[in-house]
Amino acid sequence: MSQLVNIGAATRRSFLSACAGCLGCAWAGPPKDTGAAALMPKVRTRLRLVFAHPEPKEQGWPYQNYDYEGRKEQILSKLARQCPGVEFQPVSMRRAAEAEEMLKQDAGFDGYLVYILGIPSDAARPIALSGKPTLLVDDLYGGTGSFLGVYPAALKAAKPVAAVSSTRFEDVAEAVHAFVTIRTMKASRLLLVTDRDMTKAIQMYRETLGVEVAPVEIDTLNSAWRSASEAEARQWAEKWTSGAGRVVEPKAEEIRRSAAMYVGMRGLLAKHGAQGIAVDCLRLFYGNKMFAYPCLGFFQLNNDGLVGACEADLQSASTMLLITYLTGRPGYISDPVIDTSKNQIIYAHCVAPNKVYGPSGAENAYELRDHSEDRKGAAIRSLMPLGQPLSNLEFVAGRKTVVFHASRSVDNIDEDRACRTKLAAEVKDARKLMSGWDYGWHRVTVYGNWRAQVETVTRLMGWNFVEEG
């Protein structure tokens, strides 16, 4: 077994430069002026990096007397450059017995990155079947024979294993980022504002996704809203109003009340060191226990790289948080409307971001409306980019399943009924999609095709991946 080596993290700037054009490798983080950057968990992901290959003198793939050491140096250099914030502990091994001994001694790793450089070597098999989160990488034309034997066996055994077989090194970097996402979730906190007892749900999300959910009394949120800086609330109200294409129903005072709610929620996030907040908004507002809708505040939080989630929906809130860590883009909770005549789904809600490509991305147009169901308060109609691929998903903690479907944005529906934002998208088969809609009503939509990245995270968590529609 070779001597262990630490690889220092490259700067985030060099990483982004190396990954220009390959969105998804990592997230640069929210702009500093939003205040969101200070709330991001400070974590470091530790991975055991295993190079599996035979002795160079042995016949096999790639070929006899292959320069394995030179190849390792190339890989180590690329990993250091493209995976900042990840600490790799490399080791080389040839036989299964070596891997088994290593597994007995190892501790404190977030997972295993196994590079299969050549055959014959059976060192990857015990790691893949160990039950520890493992990413297998086939160094093409080198380790394929072992890779194709180990990966399907690990999947059949329901082990937390993902795999990369690609000449594009960025695919490896993006898969490694899944480890970072999982590690960051375990250091994250969501605030939950409700008057319901959700103790069991809170425990479930801690046990399955690692995220801490901290209950907050509605009186605490109301106090934060009432004590919010009037000057700051006025500034946000003016910013939202001046940025809107039009203001339809809400009066200036209602928008200012919503701005005070945003300032209050952001203050609670800072106080608790949390990255997101889920509010039981409809129940509390209809019950006269809450006096300003949080819709505009959620809009701003999601634009900033944080999470604001409706209806105390912890499933969608945790999905939004994870997808933001994974992609750097905000998720958008929606209620579905299926239109089989056009083979479309309409993602409808009174909250949506207008920076769908992340905190530093371009803005799209939006309007200020009232909340649809009761025609009160202030909400958002976001006119989101069209002709773009969408990923739509939920991390269903109670079933340890990720449900996913792809679509393409085609229209911003202007319809007075139901929620204000209505993003229409074409799907593969609308009838099939609606017949299998049995994982809850909400879905979280994020711009871009993130199927591979979502599936990698799912596999490393040991969950099931279900593609609907």
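Anything in region 307-333 that is of a type in the set (Val, Ile, Thr) and either closer than 19 Å to residue 184 by Cα or without any contact (Cβ under 8 Å) to a residue 12 or more places away in the chain (or both)? List them, or say none.
Step one: filter region 307-333 for residues of a type in the set (Val, Ile, Thr), giving 307, 319, 323-324, 327, 333.
Correct list: 307, 319, 323, 324, 327.
Scanning region 395-428 for residues that are among the small types (Gly, Ala, Ser) and over 20 Å from residue 374 (Cβ atoms) gives 397, 398, 406, 407, 409, 424, 425. Applying the criterion of being assigned to a strand (DSSP E or B) and surrounded by 21 or more Cβ atoms within 10 Å (Cβ to Cβ) to the residues of region 312-343, the residue that is nearest to the chain's Cα centre (by Cα) is 332. Scanning region 258-306 for residues that are β-branched (Val, Ile, Thr) and without any contact (Cβ under 8 Å) to a residue 40 or more places away in the chain yields a single hit, 263.
In the list 140, 136, which residue meets the criterion of being under 18 Å from residue 166 (Cβ atoms), assigned to a loop (DSSP other than H, G, I, E, B) and either over 34 Å from the mean Cα position of the chain (by Cα) or among the aliphatic types (A, V, I, L, M) (or both)?
Numbers: 136 fails: assigned to a loop (DSSP other than H, G, I, E, B).
Just a single option satisfies the conditions, and that option is 140.
When residue 66 is tested against (1) within 19 Å of the chain's Cα centre (by Cα); (2) at negative phi, just one condition goes unmet, and that condition is (1). For the residues 431, 375, 399, 381, the requirement of being touching a residue at least 24 places away in the same chain (Cβ under 8 Å) and surrounded by 17 or more Cβ atoms within 10 Å (Cβ to Cβ) singles out 381.
Which ranges mark the strands (runs of 3 or more DSSP E) fully within region 371-450 that have 1 or more residues being of a type in the set (D, E, K, R) and in contact with a helix residue (DSSP H, G or I) (Cβ under 6 Å, 6 or more places away or on another chain)?
On the way: elements: 376-382, 389-396, 401-412, 421-426, 443-447.
Because the criterion is at least 1 residues that are of a type in the set (D, E, K, R) and in contact with a helix residue (DSSP H, G or I) (Cβ under 6 Å, 6 or more places away or on another chain), the strands (runs of 3 or more DSSP E) in region 371-450 that meet it are 389-396.
Of everything in region 451-469 that's assigned to a loop (DSSP other than H, G, I, E, B) and of a type outside the set (A, V, I, L, M, F, W, C), which residue is surrounded by the fewest Cβ atoms within 10 Å (Cβ to Cβ)? Step through it out loud before you land on a result.
Narrowing region 451-469 to residues assigned to a loop (DSSP other than H, G, I, E, B): 462-463, 468-469.
Pick out the ones that are also of a type outside the set (A, V, I, L, M, F, W, C) and you get 462, 468-469.
Values: 462: 13, 468: 22, 469: 20.
Step by step, filter region 451-469, then rank; the result is 462.
Restricting attention to region 436-469, the residues that are aliphatic (A, V, I, L, M) and over 12 Å from the mean Cα position of the chain (by Cα) total 4.
Only one of 161, 180 is of a type outside the set (S, T, N, Q), touching a residue at least 60 places away in the same chain (Cβ under 8 Å), closer than 30 Å to residue 317 by Cβ and surrounded by 24 or more Cβ atoms within 10 Å (Cβ to Cβ); which? Please lay out each step first, then the result.
Numbers: 180 fails: surrounded by 24 or more Cβ atoms within 10 Å (Cβ to Cβ).
None of the other options fit; the residue is 161.
When residue 146 is tested against (1) crowded, with 19+ Cβ neighbours inside 10 Å; (2) without any contact (Cβ under 8 Å) to a residue 40 or more places away in the chain, just one condition goes unmet, and that condition is (2).
Among the residues examined, residue 214 qualifies as touching a His at 6+ places or on another chain (Cβ under 7 Å) and either assigned by TED's automatic domain parsing to the domain that holds residue 292 or within 18 Å of residue 314 (Cα to Cα) (or both).
Of the set (1) more than 18 Å from residue 262 (Cβ to Cβ); (2) over 20 Å from the mean Cα position of the chain (by Cα); (3) surrounded by fewer than 20 Cβ atoms within 10 Å (Cβ to Cβ); (4) in contact (Cβ under 8 Å) with a residue 12 or more places away in the chain, all apply to residue 423 but (3).
The values are calculated or read from the model by the stated rules, or taken from the named source; none is laboratory data. Just so it is clear, the model here is predicted, and its values are computed rather than measured. Using ideal geometry, Cβ is built from the backbone for each residue, glycine included, and neighbour counts are taken over all protein chains shown.
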